[in-house]
Amino acid sequence: MTETPPEKIVSETTEPDVSATLVSHLVELRTRILWVLLMLGVSTGLCYLVARPIYGFLVKPLAHAMGPDSTQRLIYTNLTEAFFTYLQISFFCGLFLTVPVLLTQIWLFIAPGLYKNEKRVVLPFLVASPLLFLCGMACVYYVVLPMAWPFFLSFQSSSDQTALPIQLEARVGEYLDLILSLMFAFGLCFQLPVLMGLLARAGLIRAEHLILKRRYAIVAIFVVAAVLTPPDVFSQILLALPLMGLYEISILVVRRMNRRVNQS
């Protein structure tokens, strides 16, 4: 009677367990993705019911810049443009409402595999990320737009100033695309402290390095602002200035994370 080699016994007992664990993780991941997609569909549908008031809220900065007695309007030149504009608003708002569910599902998926000290590190970043994104959107609505719209409207003229008057006839779809692109760009760029904090916690960057590379970072910030914003210098500057402030905040966050890494 021949004995089974120990290596064969180990491989026969461990491989099925690894395979079963992988399948269970994939099933769990699929379930959590389905919950997120379900939440996205439900929230998008609910937001569509109030899409008109949401659009009214988004258009308020332009209406305020035009003045209360203005006879100007927003138009649509395609029969389906207004419908798809409301649909786009609904999807964007539904996506934003789904973010907490998405982050919760991510946390529930990865938390069992983390140590206690790792959970204390990851959880604050998961909470800070949507809050910073919201701050970026609020910065667009309450700071950037009240400054930008009067500037762009100042290029209008009457028939006394030019041979033919220059008046704004903005399309609803183009206006929404501009607003959403600015909000997304600012929200994305406001994640800079979170990204830097994670890199610092992993020991990949140090505060002193960020200080030495500040000049290059400023150039990179203006390049990013030029890519993410509409093709005008005014919008690029309005995005670059908060980014430079966030870079300085990131230095403080990285310095604190470096201290924690050194203490541990």
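The values are calculated or read from the model by the stated rules, or taken from the named source; none is laboratory data. Only a predicted model underlies this, so the values are computations on that prediction, with no experimental measurement involved. All Cβ positions, even for glycine, are placed from backbone atoms using ideal geometry, and neighbour counts span all protein chains on display.
With respect to ILE249, is the statement that it is in a helix (DSSP H, G or I) and under 30 Å from THR85 (Cα atoms) true?
Here the answer is no, as ILE249 does not meet what is asked.
Hey, among the residues in segment 104-133 that are surrounded by 15 or more Cβ atoms within 10 Å (Cβ to Cβ) and aliphatic (A, V, I, L, M), which one's farthest from the chain's Cα centre (by Cα)?
Per the criteria, the residue is VAL121.
Would you be able to tell me the number of residues in segment 204-216 that are surrounded by fewer than 17 Cβ atoms within 10 Å (Cβ to Cβ) and of a type in the set (A, V, I, L, M)?
So the answer is 3.
Please work out which one of (1) part of a helix (DSSP H, G or I); (2) more than 23 Å from the chain's Cα centre (by Cα) is the condition LEU199 fails and give its number.
Of the numbered conditions (1) part of a helix (DSSP H, G or I); (2) more than 23 Å from the chain's Cα centre (by Cα), the odd one out for LEU199 is (2).
Based on this model, can you work out whether ALA51 counts as surrounded by 14 or more Cβ atoms within 10 Å (Cβ to Cβ), small (Gly, Ala, Ser) and farther than 24 Å from LEU38 by Cα?
So ALA51 fails the test.
Quick one: PHE133 ticks every box in (1) of a type in the set (A, V, I, L, M, F, W, C); (2) over 23 Å from ILE237 (Cβ atoms); (3) at pLDDT 85 or above bar one, so which box is it?
Of the numbered conditions (1) of a type in the set (A, V, I, L, M, F, W, C); (2) over 23 Å from ILE237 (Cβ atoms); (3) at pLDDT 85 or above, the odd one out for PHE133 is (2).
Identify, by number, the condition in (1) of a type in the set (D, E, K, R); (2) assigned to a helix (DSSP H, G or I); (3) more than 19 Å from ILE54 (Cβ to Cβ) that ASP177 doesn't meet.
That leaves (3) as the condition not met.
Can you pull out every residue in segment 77-112 that is assigned to a helix (DSSP H, G or I), farther than 21 Å from LEU34 by Cβ and of a type in the set (A, V, I, L, M)?
Correct list: ALA82, LEU87, ILE89.
Which residues, counting only those in segment 137-172, are among the hydroxyl-bearing types (Ser, Thr, Tyr) and assigned to a loop (DSSP other than H, G, I, E, B)?
SER154, SER158, SER159, THR162
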